[in-house]
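Peer 1: Here you go, one structure.
Bear in mind these aren't lab numbers, they're just calculated from the coordinates by the rules spelled out. Predicted, not measured: the structure shown is a model, and the values here were computed from it. Every residue, glycine as well, gets a Cβ built from its backbone with ideal geometry; the counts of neighbours run over all protein chains shown.
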Amino acid sequence: MSLSVANLLGDSARHFPDRIAVVEGAVRLTYGELWNESLRCAAGLRAAGVRPGDRVAVLLPNTTEFLRVYYGALAAGATVVPVHALLVAEEVRYVLEHSGAVAIVSGGPLWAVAEEAARATGVRALQGAPRAGEPLATPEPAEPSDTAVVLYTSGTTGRPKGARLTHRNIVMNASVTSEDLLGLGAGDVVLGCLPLFHSYGQTCAMNGTLRAGATLVLMPRFSGPVALEILAEENVTVFMGVPTMYHALVEAAAASDRRPKALRAAVSGGAALAVAVLERFEETFSTQVLEGYGLTETSPVATFNQPHIGRRPGTVGHPVRGVEIGVADPAVEDEIRLLADGEIGEVVVRGHNVFAGYLDDPAATAAAIVDGWFRTGDLGVRDEEGFLSIVDRKKDLVIRGGFNIYPREVEEVLVRHPAVSEVAVIGVPDEAKGEEVCAVVVLRTDAGPVTAEDLVDWSKKHLGRHKYPRVVRFVDALPLGPTGKVLKRALVSPLRP
């Protein structure tokens, strides 16, 4: 097995050059065509001044262009920095500055944001995949420990951090997903509706599918009714999604007689899938749903409900091949003290999937990786049969539609509003999104008339579309603990529907 991410595609192109690799609407590219176009992009990047070891930011929607640039940059020896497609220019600027990217490749509706951020940082902006007349002869060699991708994941404090995923991390995780967990093969068709800038969509859907020589069907924008049509029209055999997508598909199916005939497996991750939604999906589509668990820092898959081991709805299954899972005492920070089965503690992970650390942040890396274990910040419990359940989050993370949103980042924006004195951001239950972002606000005593809509509009200008609060509540004071820390749990209960 080659431990080069570019060669995930290159190897399949050599073995199956005429097989369809990717579908986007009416566009169908074979493995041979996609690899050739990726190598032409690699040559184009070289001509544009990109050298091995450079970092190239990619801000593109779920289109074939993303694949060309992703594999092209890796073939050129660069590190890919995928940029979240919902960020505003101010946020993209930070990613460019922090990563030290030498260029950003963008296009379509995302071009204006990329161009503005690039202009502010002096980074070269390339509109669309650069293409040379002749493809790069051979991809740049990569060591398994080299950083292939830097994915930005926000922390509960401070700015987003760049998680360094190595070639070994990604190749092993894609291989385990495609071979062990799903048994993907030549006849499989995977619906790629997950964002490719996200670890789940990138490693599991894109890299996992192409590793196996299967076909990836892209959806630039997800909607339940359209996804239902594509599942049936393209004879999709494997669906990968987040809980909100499962909810949308069940709703779409209730209003349509259209049903996929080839669907054999469905994978859910990104957030907890309500058992009731899982049951409705399985009843509607006659297909088993397999839940997994992971984080950006674990490449992402750490555990999975693996059919050959056993499945238990409501849990995230067992660790995948080559990975260990433990439950540790969350109160002990400088070492890992594992707890017995049945005890609730912090989920810790070690194995080939654990990332190489945060870019230029040794302190955060040292806090996250202790005694060789990655501390997830999630609280879980393992039963006597080895099934892991995630019971709570140690951090105040909000997961909206499968996207991680960190309250501190939203609070930093809202508190700059001239009428806001204090603010606490929490997640509240939402049937469609799993959780919704809620801002609990204390206004200044001298503030004029301010509505919830005013604060939402303010947030939209400074935060990505997935981050800004849709719910705003006004209170006279925030509840504080003995150390002056806001007691967010005291805020959640009265705001639940």
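Peer 1: What is the dipole size for the chain, taken about its Cα centre, with +1 at each Lys and Arg Cβ and -1 at each Asp and Glu Cβ, in debye to the nearest 20? Before the final figure, lay out each step's value.
Peer 2: On the way: 48 positive and 59 negative charges, 165 e Å.
Computed about the Cα centre, the dipole is about 800 debye.
Peer 1: Something else now. Count of lysine pairs in the chain with Cα atoms under 22 Å apart, counting only pairs 8 or more residues apart in sequence or on different chains?
Peer 2: Final tally of qualifying lysine pairs is 16.
Peer 1: Relative contact order for the stretch 398-495 using alpha-carbon pairs under 8 Å, separation at least 6, rounded to a whole percent? Working shown, then result.
Peer 2: Numbers: 165 pairs, mean separation 27.6, N = 98.
Over the stretch 398-495, the number comes to 28 percent.
Peer 1: Follow-up question, since we're still on this one. Which percentage, to the nearest 5, of the DSSP beta bridges contained in the stretch 5-380 is antiparallel? Display every interim value, and only then the final one.
Peer 2: Values: 29 of 57 bridges.
Bridges in the stretch 5-380 are about 50 percent antiparallel.
Peer 1: Related question: For each of C41, C438, count neighbouring Cβ atoms within 10 Å of the residue's Cβ, then give the residues from fewest to most.
Peer 2: C438, C41
Peer 1: Let me ask you something else. Please report the antiparallel percentage of the DSSP beta bridges confined to the stretch 44-193, to the nearest 5. Walk me through the intermediate numbers first.
Peer 2: Numbers: 6 of 19 bridges.
If we restrict to bridges inside the stretch 44-193, about 30 percent are antiparallel.
Peer 1: If you line up the Cα atoms of the stretch 279-356 on their principal axes, what length do they span on each, largest first, in Å?
Peer 2: In descending order, the Cα extents are 48, 29, 20 Å.
Peer 1: Still on this model: Sequence gap at least 6, Cα distance under 8 Å: using those rules, report the relative contact order of the stretch 5-380 to the nearest whole percent.
Peer 2: Details: 837 pairs, mean separation 50.6, N = 376.
Answer for the stretch 5-380 is 13 percent.
Peer 1: At a 10 Å Cβ-Cβ cut-off, how would you order E431, E24, fewest neighbours first?
Peer 2: Numbers: E431 11, E24 19.
Ascending number of Cβ neighbours within 10 Å: E431, E24.
Peer 1: Related question: What are the semi-axes of the equivalent ellipsoid for the stretch 190-240, taken as the square roots of 5 times the Cα gyration tensor eigenvalues, largest first, in whole Å?
Peer 2: 17, 13, 7
Peer 1: Could you grab the relative contact order for the stretch 1-120? Cα pairs under 8 Å, six or more apart, rounded to a whole percent. Mind showing how you got there, number by number?
Peer 2: On the way: 182 pairs, mean separation 28.6, N = 120.
Relative contact order for the stretch 1-120 comes out at 24 percent.
Peer 1: Right, something else. Rank these for me by crowding, K461, K161, going from fewest to most other beta carbons within 10 Å. Display every interim value, and only then the final one.
Peer 2: Working: K461 10, K161 23.
The fewest-first ordering by Cβ neighbours comes to K461, K161.
Peer 1: Does the stretch 398-495 come out rounded, prolate or oblate, given a ≥ b ≥ c as the square roots of the eigenvalues of its C-alpha gyration tensor, rounded meaning a/c under 1.5 and, failing that, prolate meaning a/b above b/c? Don't skip to the answer; put the middle values down first.
Peer 2: Working: a/c = 1.72, a/b = 1.15, b/c = 1.50.
Oblate shape, in that a/c is at least 1.5 and b/c is the bigger or equal ratio.
Peer 1: Let me ask another. If packing is taken as the mean number of other Cβ atoms within 10 Å per residue, what is the order of 186-195, 444-453, highest first?
Peer 2: Details: 186-195: 22.2, 444-453: 10.7.
Going by the mean number of other Cβ atoms within 10 Å, highest first, we get 186-195, 444-453.
Peer 1: Dividing the convex hull volume of the Cα atoms of the stretch 5-380 by its residue count, what figure in Å³ per residue is obtained?
Peer 2: Working: hull volume 50.1 nm³, N = 376.
Here the figure is 133 Å³ per residue.
Peer 1: If packing is taken as the average number of other Cβ atoms within 10 Å across a peptide's residues, how do 217-223, 13-19, 102-108, 332-338 rank, most packed first?
Peer 2: 102-108, 217-223, 13-19, 332-338
Peer 1: For a quick protection proxy, order the peptides 313-321, 358-366, 283-291 by their average other-Cβ count within 10 Å, most packed first. Kindly include the intermediate steps, with their values, before the conclusion.
Peer 2: Values: 313-321: 20.6, 358-366: 15.6, 283-291: 17.9.
By packing density, highest mean first, the sequence is 313-321, 283-291, 358-366.
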